[in-house]
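The values are calculated or read from the model by the stated rules, or taken from the named source; none is laboratory data. Not measured: the values here are computed from a predicted model. Positions of Cβ are backbone-derived with ideal geometry, glycine not excepted, and every protein chain shown enters the neighbour counts.
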Amino acid sequence: MKPNLYLETTIPSYLTARTSTNIIIAGRQAVTHEFWENERHNYKLYVSDYVIGECGRGDSNIAKKRLSLIDGIEALEDTPDVHSLADIYMILLSIPQKNIIDALHLSICCINNIDILLSWNCTHLGIENMLRVQKYNDAHELFTPMMITPDSLIKKYLEVDFND
């Protein structure tokens, strides 16, 4: 059985954006394309209405591309439990109210037992916060997804030969 994977909004955003002149962003875009072309088929993909809503914002042409990209991917259901847990994560992770969507992405993954939350948003969904979430969730018998970036899923980017 394939692991299930939640595509946070940064994934379709990186896939549809013009190639950046910033080398770090351009590298992330390239890795995201590599994931999309060669790795995504190894996972059962999910989004949510939060992802769909965020993908629909901004420039209408780019929004259409983002929405087209995720069309057909199952959207996880929003529930009161998702909102209650998001409120807890807001406090636990010191997420500002303007970024509540980050807590909602995380809580919907926890409530739905999603194996992987894939995101480039490492400010609120990165490894440091994953440890806090893991501790809280373990204490409250909640599922914790791996919160990782696309490069973490692409094995060839992780295999470095320092003898070259």
Test set (1) over 16 Å from ILE11 (Cβ atoms); (2) at pLDDT 95 or above - LEU93 fails condition number: (2)
Residue in the stretch 70-80 that is nearest to THR16 (Cα to Cα), counting only those that are at pLDDT 95 or above and surrounded by 14 or more Cβ atoms within 10 Å (Cβ to Cβ): ILE70
Candidate set: the stretch 81-108, residues that are under 17 Å from THR123 (Cβ atoms) and touching a residue at least 40 places away in the same chain (Cβ under 8 Å); chosen: the one surrounded by the fewest Cβ atoms within 10 Å (Cβ to Cβ): LEU92
Residue tally, condition buried (at least 18 other Cβ atoms within 10 Å of the Cβ), of a type in the set (Phe, Trp, Tyr) and assigned to a helix (DSSP H, G or I), over the stretch 15-47: 1
Subset tally (residues that are part of a helix (DSSP H, G or I) and closer than 11 Å to LEU85 by Cβ) for the stretch 125-143: 3
